[in-house]
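Undergrad: First, the structure itself, so that you have it in front of you.
FYI, it's all coordinate maths here, none of it is from the lab. Note that this is a predicted model, so its numbers are computed, not measured. Here Cβ is always computed from backbone atoms with ideal geometry, including for glycine, and neighbour counts include all displayed protein chains.
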Amino acid sequence: MDTALIAKSKKRAMLVFVGCCLMQMFALGTVLNSSSAYFAYVPMMVAPDNPMYIVSFSTWITFYGIAALVGTFLAGILIPKFGAKIVLSVDIVVSALVMFAFTFMTPDWTAVHFIVLGIILGLFGGQYFIYACPVLIGAWFGKKVMGRYLGIANLFSGIGGALWPQVFTQIFVNAPWQTVYYLNAVLILALLVFSLTVFSVHPEKHGFIQYNGDKPEDYAVESSAQETASGVPLKFCIGSGVFWLLFFAAMLCAFPGSYNSYLQANALEVLGPGSDAFAASIMIYLQVGYIIASGFGGFFIDKFGIKLYSIVILVITIITFALWSFVNTPPAMAATAFFFGMNNAMVTIMVPMLVRHHFGQKAYDKVLSYCMMAIGLMGSMGAPVIAFVFATAGTYSNAFLIGAAVVAVDLVLVLLSFVPVKKLHAAHWEGAEEAAAA
């Protein structure tokens, strides 16, 4: 392998990697990972005399998740066909406009207003908030190094989720609430710098190869091009037991993410007046946990495999869900938030790497889009459940036990998905790269 080509490809891959880091920080890290600040302040500031306003407000994230089903599916078709440059640039502009549209919110807005904005954000944001990063990293980085770069890129959504709630909270307290939405829109638009220049899912069309390490021997067996990539062809993926077990596992792993939006509000409810500063800081602990699960998780997967990583993340999430139902002091909440934050890596790291392990690179983008559709489906269901529990019972505590049960079922499905993998690989794996050991 030509060392000059390796060096050139590494340089471009690193630019794509930086773009993915900022995409996670400025998009996913603001709109979704920082939604706790919006949920804690916006309904109260817009409609202080209507405690049920939060129920209407929460519908935007519900219908975002539902619409993201379609958005993610479309991304699996549109990005390979029209290119990441065009598709992601349009997505960025539209989602920034949606954030701007929220500034027109009034106490008279009904659930319909929020549903419309949630649908638009899901159709367009759903194509790049979660889906685009693993696809871009998978296209530009080979199997040997993909885990670490995907982990590092995704940890930036955690950095955003730790940083922006603090910034947003200070703005909510000291400036008109609309200012936060203006800032969010500007941060999203900044991503055009990368979407219009270096983003692509076909490095070979631009004279590059996947970066898989600095040694020429690292390039003997893997390619990003669809026709030469190793793995299970799509026709044998869909309909297989492995696919459906993974599909439903992906669906359930999205449910815990719905609770992230309510942790700040839960802290305010449990601790009472004067807890604003700590309630905002709780998202720092949560996102630090996510950063560790993402950043170190990528290296962990490369060394120990995705199966052990999945077990660790899922077990930690079950335990912390149970703890949330009764913790009521700042130190206990901080510690629980730290470990609970690791659940976000289930969507951004665990599922993409399970898809890669189970099916290889050949149909990676399509299978991942289907699994992300499953994530969108379940992710849309948690927010209204939690909002309803709070509106009727006056507390969030009981809702956490539901989450623990859901993740326990998810752990079983993930482990079962490994059982038929060897048989699937033996029957249908194509390409020079060896099938992953189950």
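Undergrad: In whole Hz and in residue order, list the ³J(HN,Hα) couplings for region 324-336 that follow from phi through the Karplus curve 6.51 cos²θ - 1.76 cosθ + 1.60, θ = phi - 60°; x for Gly and Pro.
TA: 4, 6, 9, 5, 9, 10, x, x, 5, 5, 4, 5, 5
Undergrad: Could you let me know the centre-to-centre spacing of region 34-88 and region 332-373, using Cα atoms, in angstrom?
TA: So the separation of the two Cα centres works out to 19 Å.
Undergrad: Using alpha-carbon positions, what is the distance between the centroids of region 93-169 and region 1-27, in Å?
TA: Between the Cα centre of region 93-169 and that of region 1-27, the gap is 21 Å.
Undergrad: Which one of Gly65, Gly298, Ala101 is farthest out on the positive end of the charge dipole of the chain, using unit charges on Cβ (Lys, Arg +1; Asp, Glu -1) and the Cα centre as origin?
TA: The residue sitting farthest along the positive end of the dipole is Gly298.
Undergrad: Taking amide H positions as placed 1.01 Å from N in the peptide plane, with prolines and chain starts having none, which residues 5 or more places from Tyr211, or on another chain, fall under 5 Å of its amide H?
TA: Hits under the 5 Å cutoff: Phe141, Gly142.
Undergrad: Pop out the ³J(HN,Hα) list for region 118-126 in order, Karplus 6.51 cos²θ - 1.76 cosθ + 1.60 with θ = phi - 60°, rounded to Hz; leave Gly and Pro as x.
TA: The phi angles translate into x, 5, 4, 5, x, 5, 9, x, x Hz.
Undergrad: Sticking with this structure for a sec: Using the Karplus equation 6.51 cos²θ - 1.76 cosθ + 1.60 (θ = phi - 60°), what ³J(HN,Hα) coupling, rounded to whole Hz, does each residue of region 160-176 give in order, writing x for Gly and Pro?
TA: x, x, 7, 7, 5, x, 5, 5, 5, 4, 4, 5, 4, 6, 10, 8, x
Undergrad: I would also like to ask the following. List Asp276, Asp91, Asp2, Asp410 from most exposed to least, where exposure is judged by having the fewest other Cβ atoms within 10 Å.
TA: Working: Asp276 17, Asp91 29, Asp2 11, Asp410 25.
So the residues, fewest neighbours to most, are Asp2, Asp276, Asp410, Asp91.
Undergrad: Could you rank the peptides 41-51, 365-375 by their average count of other C-beta atoms within 10 Å per residue, with the highest value first? Spell out each step's value before the answer.
TA: Working: 41-51: 16.1, 365-375: 23.9.
The densest-packed peptide leads the list: 365-375, 41-51.
Undergrad: So if each residue of separation counts as 0.36 nm, and I subtract the Cα-Cα distance between Val90 and Lys144, what length gain in nm does that give?
TA: Length gained, Val90 through Lys144: 16.2 nm.
Undergrad: List every residue whose amide H lies under 5 Å from the amide H of Glu430, counting only residues 5 or more places away in sequence or on a different chain, with H placed 1.01 Å from N in the peptide plane.
TA: Residues meeting the criterion, in which the H sits 1.01 Å from N, are Gly231, Val232.
Undergrad: OK, next. Set Lys and Arg Cβ to +1 and Asp and Glu Cβ to -1, take the dipole of region 43-196 about its Cα centre, and tell me which of Leu189, Gly142, Trp177 lies farthest positive.
TA: Among Leu189, Gly142, Trp177, the one farthest towards the positive end of the dipole of region 43-196 is Gly142.
Undergrad: Most exposed first by the Cβ proxy, i.e. fewest other Cβ within 10 Å, how do Cys237, Cys253 rank? Intermediate values should be presented prior to the final figure.
TA: Working: Cys237 24, Cys253 32.
The fewest-first ordering by Cβ neighbours comes to Cys237, Cys253.
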